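S.K.: Here it is, the structure in full.
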Amino acid sequence: MEPSTIPEILGRPGTEERLAALEARVAGLEERSAEDRVALVVFSGDLDRVLAAFVIATGAAAMGQQVSMFFTFWGLSVLKKSTDLQGKSFFQKAMAVMSPGSSESLPVSKMNYFGVGAKMLRTMMKQRNVTSLEGMIDLARELGVRMIACEMSRDVMGIKPSELQDGLECGGVATFLADSLKSRTALFI
Amino acid sequence: MEPSTIPEILGRPGTEERLAALEARVAGLEERSAEDRVALVVFSGDLDRVLAAFVIATGAAAMGQQVSMFFTFWGLSVLKKSTDLQGKSFFQKAMAVMSPGSSESLPVSKMNYFGVGAKMLRTMMKQRNVTSLEGMIDLARELGVRMIACEMSRDVMGIKPSELQDGLECGGVATFLADSLKSRTALFI
Amino acid sequence: MEPSTIPEILGRPGTEERLAALEARVAGLEERSAEDRVALVVFSGDLDRVLAAFVIATGAAAMGQQVSMFFTFWGLSVLKKSTDLQGKSFFQKAMAVMSPGSSESLPVSKMNYFGVGAKMLRTMMKQRNVTSLEGMIDLARELGVRMIACEMSRDVMGIKPSELQDGLECGGVATFLADSLKSRTALFI
């Protein structure tokens, strides 16, 4: 008779049963526990908010987190490299013309004054030796931050893959949630 | 003498003690671990942001998460079905008149141009066969997404229960936190 | 021979090995599990959003959570007590003059109408006996909510420590992430 079965005879679970139960519970906890991961939705296309997103993304990556940034709606402007009106519907053309053509023409959310505010913020950052948005985007790539363009927004706005920067992933809300549900911090920016 | 007590005599914790300690620690971890739960604050009343909230909410519910959406401040407009000025204070009346009367009259956060932007976005979504906001709200209900109207905002703005859609819960910040503290992902939209 | 070594001879891990393995896995889970902690980025300087941040912060603190609020960009206005233009660059002066000088002059994000909207909201809150923003800030301090001013924003905008309220911490994105990665709920407001 194995020693661990003795208490069973006495009517309470033995060592073997308790070990097996603990192993199952710990495996359950491990499967559900968050990974070293940060997930950001970049919904906004405002320079100030996008800067905050990249400061957090590069900071988290530097601290060893797997970071994914999910660009949706106005946030897609950050990833644009060109505008191609061909094949777009009337409204898609209107939206393309009125939206920023790349990260370099993002407005600020307040006091933009037709672009003066954005230029002012960029100058102030330069004067204090803070990396520019474009520098932060490059840094994020170097640090392995995943940048995902929202397919639904792309589709609704009629933005072609050729209008976006190279080396991006595409994905839907399930792509974002798969990451965010396993992440330590998820933010909507 | 039970076998597990032998090491105790030798001066280190026995199997029984270690099992009991592990069981307590695992129970502690289980109590604190996140549930399959997503909690969203819908603070904004802008069509574009509210759409993002419902895409995430319905997506998460479809992935098996318990989803709660907490509508506060401008977000309450999403849940309005009518406007009743009776019994409202002067400021409450002013705010009611200037705010959207239902989900159908939400503006977009940028390029709204007195409602043209919102109509444009709705048309663009329809052209690409994306479910309308109202369709998403219905879908959220079908998927069991909990929709909670913030009591404090309701009280400050003087919005009566009869002005809101049927079948909503009411709650305060403690209601939101009770969910968000146990959730895998919580977002402020 | 110790009883737990018997199964080893039979070719499967003994009680001792399984206990040691479980202890290591549980220690790993404990190290990574979230603390009773809530972390908020207050990016916005709009009265309505800042109020939401303080309602959540004080609510969470009252529920026993360690709360930290990280004020960045427009959110720094909440913490200002005075404006001192000396030593500021031209753009820093311009931004200081155009930004609210303290929590008392924050605008609302919609229908501000040069401050009328903010006054209206404050009056509506008072009529319903809801604590004012300044009352909530005091309450947050009493409840031990940590308030951290973002160093990078301070530096870019040229805001001196003497322009901010007393008793604040200063920190960078690493300060925020250290808290948010260990928190149950993190929000970007």
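Bear in mind that the values in this text are calculations on the coordinates, not laboratory data. Nothing here was measured: the structure is a model prediction, and the numbers come from that model. Backbone-built Cβ (ideal geometry, glycine too); neighbour counts: all protein chains shown.
S.K.: Which GluC sites (Glu not before Pro) in region B:15-62 sit in a loop by DSSP (not H, G, I, E or B) and have at most 15 other Cβ atoms within 10 Å of their own Cβ?
M.R.: Values: sites: B:Glu16, B:Glu17, B:Glu23, B:Glu30, B:Glu31, B:Glu35; in loops: B:Glu35.
Sites meeting the loop and neighbour criteria: B:Glu35.
S.K.: Let me ask another. Defining the label point at 7 Å along Cα→Cβ, can you sort the distances from A:Met63 to the same site in each other copy, shortest first, in nm?
M.R.: Copy-to-copy label distances at A:Met63, shortest first: 2.2, 2.2 nm.
S.K.: Just counting partner chain Cβ atoms within 10 Å, what average do the residues of peptide B:19-29 show around their Cβ? Spell out each step's value before the answer.
M.R.: Numbers: counts 9, 1, 3, 10, 4, 0, 8, 11, 1, 4, 11.
Counting other chains' Cβ atoms within 10 Å and averaging over B:19-29 gives 6.
S.K.: Within a 10 angstrom radius of each residue's Cβ in B:30-41, how many Cβ atoms of other chains show up on average? Whole number is fine.
M.R.: Per-residue shielding by partner chains comes out at 4.
S.K.: If we hang a label 7 Å off Cα along the beta carbon direction at C:Arg128, how far is it from the matching labels on the other copies, in nm, shortest first?
M.R.: Taking the point 7 Å beyond Cα along Cα→Cβ, the inter-copy spacings are 3.6, 3.6 nm.
S.K.: When the Karplus curve 6.51 cos²θ - 1.76 cosθ + 1.60 is applied with θ = phi - 60°, which whole-Hz ³J(HN,Hα) does each residue of region B:70-76 get, with x for Gly and Pro?
M.R.: Coupling constants for region B:70-76: 10, 8, 9, 6, 4, x, 4 Hz.
S.K.: Please work out whether chain B counts as rounded, prolate or oblate from its C-alpha gyration tensor, where a ≥ b ≥ c are the square roots of the eigenvalues and a/c under 1.5 means rounded, while otherwise a/b larger than b/c means prolate and anything else oblate?
M.R.: Values: a/c = 3.99, a/b = 2.41, b/c = 1.66.
It comes out prolate by the Cα gyration axes.
S.K.: Note down the net charge around A:Lys110, summing +1 for each Lys or Arg and -1 for each Asp or Glu among other residues with Cβ under 11 Å from its Cβ.
M.R.: Numbers: positive: A:Arg49; negative: A:Asp46, A:Asp48, C:Asp46.
Once all neighbours under 11 Å are counted, the net charge is -2.
S.K.: While we're on this one: By a straight-distance test (C-alpha under 21 Å), which lysines pair with A:Lys160 as possible cross-link partners, with residues fewer than eight away in the same chain excluded?
M.R.: The reachable lysines, counting only those whose Cα sits under 21 Å from A:Lys160, are A:Lys80, A:Lys81, A:Lys88, A:Lys93, B:Lys126.
S.K.: Relative contact order of region A:35-189, please, whole-number percent, based on alpha carbon pairs below 8 angstrom and at least 6 residues apart.
M.R.: That works out to 39 percent.
S.K.: Then there's this: How charged is the neighbourhood of B:Gln86? Take every other residue with its Cβ under 13 Å from the Cβ of B:Gln86, and add Lys/Arg as +1 and Asp/Glu as -1.
M.R.: The answer is +1.
S.K.: Please identify every one of the trypsin sites (Lys or Arg not before Pro) in region B:87-138 that sits in a loop by DSSP and has no more than 11 other beta carbons within 10 Å of its own beta carbon. Let's see the in-between values first.
M.R.: On the way: sites: B:Lys88, B:Lys93, B:Lys110, B:Lys119, B:Arg122, B:Lys126, B:Arg128; in loops: B:Lys88, B:Lys110, B:Arg128.
Answer by residue number: there is no such site.
S.K.: Report the Cα-based extents of the protein assembly as shown along its three principal axes, largest first, to the nearest Å.
M.R.: 83, 56, 55
S.K.: All other residues with a Cβ under 15 Å from the Cβ of C:Lys119 taken together, and with Lys, Arg as +1 and Asp, Glu as -1, what is their net charge?
M.R.: Taking every Cβ under 15 Å from that of C:Lys119, the sum is -1.
S.K.: Could you let me know the centre-to-centre spacing of region C:24-91 and region B:131-156, using Cα atoms, in angstrom?
M.R.: 27 Å
S.K.: Averaged across orientations, what area in nm² does the convex hull of the alpha carbons in region A:68-168 project? Could you put the intermediate results ahead of the total?
M.R.: Numbers: hull surface 27.9 nm².
The directionally averaged projection comes out at 7.0 nm².
S.K.: Among DSSP beta bridges lying fully in region C:44-189, give the percent that are antiparallel, nearest 5.
M.R.: In region C:44-189, approximately 10 percent of DSSP beta bridges are antiparallel ones.
S.K.: Here is a follow-up. Which peptide among B:63-70, A:50-57 comes first, and what is the full order, when sorted by highest mean count of other Cβ atoms within 10 Å?
M.R.: Working: B:63-70: 20.6, A:50-57: 24.8.
Ranking, from highest mean packing down: A:50-57, B:63-70.
S.K.: Can you list the copy-to-copy distances for A:Glu30, using a point 7 angstrom from Cα toward Cβ, in nanometres, shortest first?
M.R.: Shortest to longest, the spacings are 1.7, 1.7 nm.
S.K.: Once the Cα atoms of helix B:133-142 and of chain B are each reduced to a long axis, what angle between those two axes, in degrees from 0 to 90 to the nearest 10, is obtained?
M.R.: Roughly 40 degrees between the two axes.
S.K.: With an 8 Å Cα cut-off and a minimum separation of 6 or more residues, compute the relative contact order for region A:1-124 in percent.
M.R.: 21 percent
S.K.: Right, next: Give the average, rounded to an integer, of partner chain Cβ atoms located within 10 angstrom of each Cβ in B:89-95.
M.R.: Counting Cβ atoms of other protein chains within 10 Å of each residue's Cβ and averaging gives 4.
S.K.: OK, next. Helix A:116-127 versus the longest principal axis of chain A: what is the Cα-based angle in degrees, 0 to 90, to the nearest 10?
M.R.: Approximately 60 degrees, to the nearest ten.
S.K.: Take chain B, connect every pair of alpha-carbon atoms lying under 10 Å apart with a spring to form a Gaussian network, then pick out the residue of B:Thr131, B:Thr15, B:Thr123 with the largest mean-square fluctuation.
M.R.: Taking springs between Cα atoms under 10 Å, the residue moving most is B:Thr15.
S.K.: In what sequence do B:Arg25, B:Arg184, C:Arg141 fall when counting other Cβ within 10 Å, fewest first?
M.R.: The order, fewest Cβ neighbours first, is C:Arg141, B:Arg25, B:Arg184.
S.K.: What angle, in degrees between 0 and 90 and rounded to the nearest 10, separates the Cα long axis of helix B:15-32 from the longest principal axis of the Cα atoms of chain B?
M.R.: Roughly 0 degrees, rounded to the nearest 10.
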